[in-house]
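K.L.:
Sharing a structure here in structure tokens format.
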Amino acid sequence: MVSLTIISLVVGTSALAYLLLGPAGRGNSRLRFAIAQATAFVGAGVLFFVANTVLGLLAVLAFRASTGQFISVYVLNDVSLLLLSLFQGLVFRTWWNH
Amino acid sequence: VSARRALDVVCGAIGAASVTAGLVLMFTPVADAINRQFALRPRIEPADAIVVLGASGVRADGSLGNDSLRRTMIGIDLYRRGLAPLIVLSGGTNERGQVEADVRSRLVVASGVPERAIATETAARTTREEAANIAATLAPKGVRTILLVVDLPGTRRASALFERRGLRVFPAPTEDPDGETLAPEHRLQLARHLAVELTAWSYYRLAGHL
């Protein structure tokens, strides 16, 4: 029920936005381009997330090995890392393309 | 320009795969299916001790975090059902100096479990250290079998660690393996939990801990 509600809302507002914005000279090819751009932004964010996670794990393990002090790897288990990585992807991909 | 184009293609492919995977994880029960395959089945039967592994720790107000509270309550229930005469509560000290095992112990005593039936483990910082320290505590007591209270995805790794220490483990997970997660947000949380546990399990395998 929750899934159906969420999907219905997103499909509904997307259809509304398409109807409102579509006629102003923006064809389906522009929409496909926008979807491709958006997924590429997500991909760049995912790449940063993987890089941040792997580097974070290595840093924690290196810190443990070199100092003998303990830091939990669970410090990386925070949703803020994903959100910031997606923002990194957005910023750097925009930068590359302009 | 060609390098930029190649990067665009890579980002686009990863992005499309990620969005597809996210939609599948949110709107289908695939995370539950993976969880069922990866986790061990519960085996609730009489044992020499109940071991409740550390979890989300203690909140600023001194109460237990949700996961810690849930595990503790299951430990109390197993004890009350007469499945073991001893309950071991694990949980270290947080940055505020609060000790999870001590908070758990107070709750267990308040629930009517006698203090003599409780042991605590406060020094361990990882699941591997919990297994080593608790096994060392239990060995002089002649404990051979344990009911291990842990979250469902963690059953495989935690059980293997205790079995390596010579204990026979009966998993007592905090979730029903046949239950189905329904809300998309909860499915994403389960997928994230599984990703973390699979990473930890892989690391333990690579490091030779399992």
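The values are calculated or read from the model by the stated rules, or taken from the named source; none is laboratory data. Keep in mind it's a predicted model, so treat the numbers as computed, not measured. Note: ideal-geometry Cβ built from the backbone for every residue, glycine included; neighbour counts use all protein chains shown.
K.L.:
Considering only residues of segment B:144-168 that are buried (at least 23 other Cβ atoms within 10 Å of the Cβ) and more than 17 Å from B:A200 (Cβ to Cβ), which is farthest from the chain's Cα centre (by Cα)?
P.N.:
In this case the residue turns out to be B:L167.
K.L.:
What are the residues in segment B:169-210 that are closer than 30 Å to B:L138 by Cα and part of a loop (DSSP other than H, G, I, E, B), if any?
P.N.:
B:T174, B:E175, B:D176, B:P177, B:A207, B:G208, B:H209, B:L210
K.L.:
Go through segment B:152-196 and report how many residues are of a type in the set (D, E) and modelled with pLDDT of 95 or more.
P.N.:
Selection size over segment B:152-196: 1.
A quick yes/no check of all residues on (1) part of a helix (DSSP H, G or I); (2) at the interface with another protein chain (Cβ under 9 Å from one of its Cβ atoms):
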| position | (1), (2) |
| --- | --- |
| B:C11 | yes, yes |
| B:I14 | yes, yes |
| B:A17 | yes, yes |
| B:T20 | yes, no |
| B:D32 | yes, no |
| B:N35 | yes, no |
| B:L40 | no, no |
| B:P46 | no, no |
| B:I50 | no, no |
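K.L.:
Right, here's the next one. Taking A:N52 as the residue in question, decide whether it is surrounded by 11 or more Cβ atoms within 10 Å (Cβ to Cβ) and more than 9 Å from every other protein chain (Cβ to nearest Cβ).
P.N.:
Against the criterion (surrounded by 11 or more Cβ atoms within 10 Å (Cβ to Cβ) and more than 9 Å from every other protein chain (Cβ to nearest Cβ)), A:N52 qualifies.
K.L.:
Now a separate question. Are there any pairs with C-beta distances below 6 angstrom linking a residue in segment A:83-98 that is more than 17 Å from A:T53 (Cβ to Cβ) to a residue that is surrounded by 12 or more Cβ atoms within 10 Å (Cβ to Cβ), with the two at least 6 apart or on different chains, and if so which?
P.N.:
A:L90/A:F41; A:R93/A:F41; A:R93/A:A44
K.L.:
Under 8 Å between Cβ atoms, which residue pairs at least 6 apart in sequence (or on different chains) link something in segment A:60-76 that is over 16 Å from B:V196 (Cα atoms) with a partner that is of a type outside the set (G, A, S) and surrounded by fewer than 13 Cβ atoms within 10 Å (Cβ to Cβ)?
P.N.:
Taking only residues 6 or more apart or on different chains, the pairs are A:F63/A:Q69; A:R64/A:F70.
K.L.:
Let me ask something else about it. Could you tell me which numbered condition B:L194 fails, if it satisfies all but one of (1) touching a Phe, Trp or Tyr at 6+ places or on another chain (Cβ under 8 Å); (2) more than 30 Å from B:L23 (Cα to Cα); (3) touching a residue at least 40 places away in the same chain (Cβ under 8 Å)?
P.N.:
(2)
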